[in-house]
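The next block holds one structure in the form of C-alpha cells; read it before the comments.
The values are calculated or read from the model by the stated rules, or taken from the named source; none is laboratory data. Keep in mind that what you see is a predicted model, and the values were worked out from it rather than measured. Don't worry about glycine lacking a Cβ; one is built from the backbone with ideal geometry, like all the others, and counts go over all protein chains shown. Calculation scope for accessible area: heavy atoms of the full protein, side chains included, ligands and nucleic acids excluded. Shrake-Rupley method; radii C 1.70, N 1.55, O 1.52, S 1.80 Å.
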Amino acid sequence: MASPDPPYDEPAYRSSALRAPRRPLVPLPGGPTEASGPVFGEDEVEPGDADLTCHHEGEPLGQRINVSGRLLDGDGRAVAGQLVEIWQANAAGRYAHEVDQHPAPLDPNFTGAGRCLTGPDGSYRFVTIKPGAYPWRNHPNAWRPAHIHFSVFGRAFTERLVTQMYFPGDPLLAHDPIYLSVRDEQARERLVSSFDWQTTEEEWALGYRFDVVLGGHLATPVEGLR
Amino acid sequence: MRGPTPSQTVGPFFRFGLAWLAGRDLVAEGHPGLLRLHGVVRDGEGDPVTDAVVEIWQADPAGKFPPRSPSGWRGFGRCLTGPDGGYSFATAKPGRVDGMQAPHIDISLFARGLLQRLVTRVYFPDEGPANSSDPVLTSLPDPSRAETLVGVPDGLGLRFDMCLQGPGETVFFAW
C-alpha cells in the first residue's frame with residue numbers, strides 16, 4: 001500500500017521551509033536494526049498515567065472524554081504491549097509549555113500528558129478532556145483544529161509513528177495546512193476520531209474512538225525477528 | 001482493510017509529554033565502554049533546531065537487540081534538543097548486526113516543521129574496512145555525501161551533527 005504520509009516540503013506549512021530536506025531521501029534497505037524496536041515494560045507505565053484528569057488536586061475544566069482504540073498492523077492484527085504516549089492542550093487551547101504564549105488560561109488541574117501500553121488485543125484507553133482549538137501564526141487568522149498528539153512505537157523501528165488525532169465535524173479541519181498536508185482524502189480521514197456511544201458513559205464522559213494502523217514500509221522483515 | 005494512519009508533526013509543544021522518557025542513559029556513567037554520542041541539529045540557515053526530539057535505536061556491543069541482548073540493554077534513547085540545538089546520549093558502540101553492515105546507530109528526528117520524522121544513521125570513523133563494504137554507505141546516489149553519516153571523534157566522544165538543509169545536508173533515508 002502506498003505511504004499516506006505527508007511530504008516534508010509543504011509550502012502551506014511555514015515551519016517546513018527551513019527544515020524539510022532538499023535532497024531526495026535515500027531508500028534504506030531493511031536490516032536487523034530496522035526490523036526490531038524498543039521494548040517497554042509494565043513497570044514503566046502506571047495505571048494512572050492513562051487518566052489525564054487525576055494528576056492534580058482538583059478536576060480539570062472542560063468536557064471529559066474517553067479516548068480509546070486499537071493499535072493495529074497493516075494486516076489488521078492487534079499490536080499488543082506497545083507504548084502509546086499522548087499530549088494535548090487544555091480545554092481553553094493552551095499547552096502547559098513555557099513557549100506557548102497564547103493568551104488563554106492555563107488550568108492548574110491539567111497538564112495534558114498521558115501514556116499506556118496496549119493490551120493483548122491492541123487496545124488502549126485514555127481519560128482526558130477535549131482540547132480547545134488554538135491560534136498559531138502560520139498565516140493570517142490561523143487556528144489549529146482541536147487535536148491530541150499521539151506517539152506510538154510498534155514492534156519495529158520502521159513502525160515508529162507520531163501523529164495527531166482530530167475530532168469529527170471540526171470546521172477548522174478544512175483550513176488546517178497540517179491536516180491537509182496528507183494529500184489522500186481517505187488517508188486524511190483516518191486522522192479523525194469517531195464519536196462512540198459504546199465508550200460514552202452516562203452522566204460522566206463522551207467517548208471517541210481512534211484506531212492507529214501502523215505502516216512500516218519495510219518490504220521484507222528479517223526472518224526470525226518477531 | 002483500513003490503510004496506515006498518516007504521520008503528523010510532533011509540533012512545538014511536546015516537552016511536557018515526551019520528557020519522561022528522555023535523558024535515560026543507555027549505559028551508566030563510568031561504564032567502561034561508554035560512548036558519548038552528541039551533536040547539534042541545524043536548519044537550512046544554520047540555526048540550531050531547539051525543539052527537536054532525537055531518538056536512537058541500536059544493537060548492543062555484541063550486535064544484539066532486546067529481547068536477545070542481556071537484560072539491562074535497552075538499545076533506545078530519547079533526547080530533546082536544548083537552546084543550542086544540542087543532544088547527547090551515554091551509550092556504547094554497537095557491534096555488527098549481520099555479516100554485511102558496518103556498525104551503526106539508527107536515528108529518528110522529530111521537530112516542528114517536519115510532517116514526518118527524518119531517519120538517518122550514525123557510522124563509526126574507526127570502521128574503515130567495514131564502512132567501505134557497507135551496503136548502505138556504498139550505494140548512496142552521491143557517494144560524497146557518505147561523510148555526513150560518519151561521526152567525528154572529539155574530546156567528548158563521537159560528534160554527529162545533523163543538518164536539515166544546505167550544502168552539508170545530512171543523508172536522510174526513506175524506509
Carbon/sulfur accessible area of the range A:114-214, % of total, 1.4 Å probe, equals 52 percent
Mean separation of Cα contacts under 8 Å (at least 6 apart) over the residue count of the range B:14-163, i.e. the relative contact order in percent, is 27 percent
Here the whole-number average of other chain Cβ atoms within 10 Å per Cβ of A:152-163 is 5
Ignoring ligands and nucleic acids, chains B and A bury, in total, an accessible area (1.4 Å probe) to the nearest 100 Å² of about 6500 Å²
Taking every other residue with Cβ under 12 Å from the Cβ of A:Thr200 and scoring Lys and Arg +1, Asp and Glu -1, one gets -2
Residue-ordered couplings for the range A:28-37, obtained by feeding phi - 60° into the Karplus form 6.51 cos²θ - 1.76 cosθ + 1.60 and rounding to whole Hz (Gly and Pro as x), are 9, x, x, x, x, 5, 6, 8, 10, x
So, over other residues within a Cβ distance under 13 Å of A:Asn66, counting Lys, Arg +1 and Asp, Glu -1, the net charge is 0
Here the relative contact order (percent) of chain A, from C-alpha pairs under 8 Å and at least 6 apart, is 27 percent
Expected integer from the mean partner chain Cβ neighbour count at 10 Å over A:8-15 is 4
Given B:135-145, A:144-154, B:152-162, the highest-first ranking by average Cβ count within 10 Å works out to A:144-154, B:152-162, B:135-145
Losing no less than 10 Å² of accessible area (probe 1.4 Å) relative to the isolated chain, the residues of the range B:47-62 are B:Val49, B:Glu55, B:Trp57
Quick tally, 1.4 Å probe accessible area for A:Glu59, A:Glu44, A:Glu203, sorted with the most first, runs A:Glu203, A:Glu59, A:Glu44
For the range A:25-116, averaging the sequence separation of alpha carbon pairs under 8 Å that lie six or more residues apart and dividing by its residue count, the contact order in percent is 36 percent
For A:Tyr95, other-chain or 5+-apart residues with amide H closer than 5 Å (H placed, Pro excluded) are A:Asn90
A 1.4 Å probe over the protein heavy atoms gives the range B:14-163 a carbon and sulfur accessible-area percentage of 55 percent
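At 1.4 Å probe size, with every protein chain present, just tell me what the per residue accessible area of the protein assembly as shown comes to in Å².
Working: 16660 Å² over 401 residues.
On a per-residue basis, the protein assembly as shown sits at 42 Å².
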Per DSSP, the loop-located GluC sites (Glu not before Pro) within the range B:1-69 having at most 10 other beta carbons within 10 Å are B:Glu29, B:Glu45
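Scan the range A:93-186 for trypsin sites (Lys or Arg not before Pro) in coil per DSSP, keeping those whose Cβ has at most 13 other Cβ atoms within 10 Å, and list them by number.
A:Arg137, A:Arg183
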In deg cm²/dmol, rounded to the nearest 500, the helical mean residue ellipticity at 222 nm of chain A, built from -39500 (n - 2.57) for every DSSP H run of length 4 or more, is -1000 deg cm²/dmol
Reported to the nearest 10 Å², A:Leu206 has, with a 1.4 Å probe, an accessible area equal to 50 Å²
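From other protein chains only, count the Cβ atoms within 10 Å of every residue's Cβ in A:119-130, then give the mean.
0
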